[in-house]
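For reference, the structure discussed in these notes is given below.
Only the coordinates and a few stated rules stand behind these numbers; no lab work does. Only a predicted model underlies this, so the values are computations on that prediction, with no experimental measurement involved. All Cβ positions, glycine included, derive from the backbone under ideal geometry; neighbour counts span all protein chains shown.
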Amino acid sequence: MPSDRSRRRIASIPAMVKKGNGLARDTDFLDLYNQLDLQPGCDLAELKQAYRRRLAILHPDRQVGPASDAHAPAELQRLTALYGAAIEFHRQHDRLPGGGVVRPMPHVGVNRGSASSAAPVVEPAGRRRWWLVVLLGIAVMVFVWWQSDPSPDAATAAPESAEPTDIATPTAAHSAGLIDVGMSTDAVQAIEGDPLVMTADRWEYGPSWIRFEDHKVVDWYSSALRPLKAAPRRAHP
């Protein structure tokens, strides 16, 4: 049943006059809701469905025999008039009698082209750290590979001394397959292979290098990261 508040709201609706229907001047929408067993806050679809159910009960084809209702024709006429008035009210006010007034929400414009309209995508901190670890590991592997000796004999190279000595002679170094002062560029290339960087007076093998004058070895530097097959007299840590 409609509440007291709904009754007061419906009572405040101006009376609607239906000409030629034999009804009182007041259009009692509360009576309409009571007949259809609805609340004033129902929507249009509920009203139509309840009206069709009630119309089927009051239809003259069902008013036959002992169970017929003598008041059914008058009730049907009044129900039809009230329903028509409610539909007209909805057409004019976009709501049913007694229902709350629907106020449109204020339109908030959104600039879809601006950069601030889209929420920034924040990558989780854990994923960022994982990618940093992977990239760092790859960088270390590339550096070690670049500095490593490509020849299979790098592991068997002569041990380097922390202090320069003169224990080897050119003849002994040549026979041992080691680079020494006075050795030609062809002999150096046969021992170490092609350098990574080659100029007229300097060959570089990664961090190690060999210096020439008149195509003869005059000096070199052997790094522990990429040792040269050189006599120990010029070896460095």
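Details
- Cα-based values for segment 171-224, radius of gyration first and Dmax second, are 10.2, 28 Å.
- Listed peptides 188-199, 207-218 by packing density, highest first (mean Cβ within 10 Å): 207-218, 188-199
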